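The values are calculated or read from the model by the stated rules, or taken from the named source; none is laboratory data. Remember, it's a predicted structure, so these values are computed and weren't measured experimentally. Here Cβ is always computed from backbone atoms with ideal geometry, including for glycine, and neighbour counts include all displayed protein chains.
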Amino acid sequence: MEDQYYRIGQTAKYLGVSIQTIKMSLKNQKIQSIRTLGGEHRFSRSEINRILGQKTPIPKNTILYSRVSSHNQIHDLESQLLPPFRAKFMACATIRPKN
């Protein structure tokens, strides 16, 4: 199976650190990358997993579909989501106006 590669910003997000931390880790040779022809760093999924100490791969995009029976219950959905997904939910939520 072919490994996927991520940009520095994506890698920082997955690892929960800043881009500066990734750059320092590169300088100190604590993380490995490949370079594109344009000189940009790319980080493999397996390298990110190694840093995280994970044996399972980083999950791909997850789609969540939920609905509630009344407009007043929308806040129940928000409270059930984990914090990283809460902001995305609010950005994607479709709230229909009351009739």
Handout entry: Count of residues meeting criterion [in contact with a helix residue (DSSP H, G or I) (Cβ under 9 Å, 6 or more places away or on another chain) and more than 14 Å from Gln10 (Cβ to Cβ)] in region 32-51
Key = 1
Completion exercise
Wholly inside the chain, helices (runs of 4 or more DSSP H) that include 2 or more residues that are modelled with pLDDT of 60 or more are 8-15, 19-27, 45-52, 74-80
